[in-house]
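What follows is one structure encoded as structure tokens, with my remarks underneath.
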Amino acid sequence: MLQAAHEQPLLLDLYGCCTGRTQWAFVLEKICKQFECKHFMVQKLSFEGPRLAGGLRFSSDASATSLYDLHISDAHNPRLERKRLGERARGKVVIDEQLFDAHEQTEKQFFLDRLSGLGVRDFMGGLTPLSNENSYLGIALHRSTQDTRLFTSAEQAQLQALLPHLGQSFLMWEQLNTRSPLEAILKAQADHYPFGIAICDSRSRLRWMNSLAEKLLPPTRGARHINHVLKGWTAQQTETLQRLVATARPDSPTGYVALKNGTNADIHIAIKPFKESESGETFSLLILSSTSMVNDIPFEALQTLFGLTQAEARLTSHLACGGTLEAYAAKQEIALTTVRWHVKQILSKTESGRQAELVQKILCSVAYLASKSSDLLPL
């Protein structure tokens, strides 16, 4: 039988999955070795008519799971029929002999032959309830086709003892890692800001970032995993960034870093530390921008806020993004004198004495805050 969690390293690792201290694949691989199996998978399941429908899952071997999806899939897995796992494995661990009746041996053998093509065969698994009556965690252990041993009653009892811990750790992971509706809304809106936003802890682990922050930090491009470490382009930049984050205190002033990568697309980062109220842990809010960013300032906002015409708003947006009068005239195929006349009209309507003052007003307005980065290329 399994010991108490503080006496059992496996359980400590299992519950460590909830906070990201350990990874599910690592723990499931340990369970595989404990039972001398080839593959172990846990999956959220729910009843849909006569079958169990699959949801979020974790596997000891992602490639094996991909092969299963390609050649069999949940939709053609007879174990997931309600009359089998749904009725015979709720709250307990079973093997195939307990799932298929005597008259179903042909169907069972056909399915096992298909599994053999994936390198696995004998099965031991079960269901444990999660948060509601229609939500379960399904677990499935498979031995290699080269292993002719059958699962014993002692092994079933051992996995039975582990079953509620698997369910509880999965439920805790889901609760900690599933966004609330409000959080999802805020994340979606944050992707519209004309600057990158990221949050990291004192060990430089990135806990959250918007889409632009992912683009502005090349080493983390495309990485959406929790606890990815904040880095620069060079070892020196990484050391500087991580030192500022590690030494930051809630009352520390905002720190600033410029990351140069030799392409005239420097990344500027402002680091503002803050204290998380519940845990008391210090985090850092990172605001990121690029010297090569081009932002689309909504024409409608400029028209409404400053009383400009559509043509004047388009020109104003161009100037606020660093464009020149000559470039605008060439792009719009109009005379430079016409563009200069429009500028005079714009300066009058915005009560600006010169172009620099106009740009300052635009960049300080909600029109700019409502803009979105359209590209990371120089103008």
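At-a-glance table
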read-out	value
Radius ratio Rg over Rh of segment 230-305, counting only Cα atoms, Kirkwood formula for Rh	1.12
Cross-link table 215/331; 30/215; 215/361; 215/275; 215/272, entries beyond 32 Å C-alpha to C-alpha	30/215
Charge sum, other residues only, whose C-beta stays under 11 Å from residue 315's C-beta, Lys/Arg counted +1 and Asp/Glu -1	+2
Cβ-defined net charge surrounding residue 118, 15 Å radius [Lys, Arg +1; Asp, Glu -1]	-1
Within the chain: Cβ-based charge dipole about Cα centre, in debye rounded to nearest 20 (Lys, Arg +1; Asp, Glu -1)	660 debye
Per principal axis, descending, Cα span of the chain in whole Å	91, 46, 38
For the chain, calculated [θ]222 nm from helices alone, where every DSSP H run of n ≥ 4 adds -39500 (n - 2.57)	-12000 deg cm²/dmol
Projected-area mean, segment 294-375, by convex hull of Cα positions, square nanometres	4.8 nm²
Leading residue at positive end of dipole, the chain (Cβ point charges), from 233, 253, 208	253
Largest-first principal axis extents, alpha carbons of segment 5-177, Å	45, 36, 31
Orientation-averaged projected area, Cα convex hull of segment 238-359 (nm²)	11.1 nm²
Proximal aspartates and glutamates relative to residue 108, as straight alpha-carbon distance under 14 Å, when same-chain residues fewer than 8 apart are discounted	81, 96, 97, 122
³J(HN,Hα) computed for each position of segment 165-174 - Karplus, 6.51 cos²θ - 1.76 cosθ + 1.60, integer Hz, glycine/proline x	5, 4, x, 5, 5, 5, 5, 5, 4, 4
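Computed from the coordinates by the stated procedures, all read-outs in this text should not be read as laboratory data. Here the structure is a predicted model, which is why all the values come from computation and not from measurement. Heads up, the Cβs are rebuilt from the backbone with ideal geometry, glycines too, and the neighbour counts pull from every protein chain shown.
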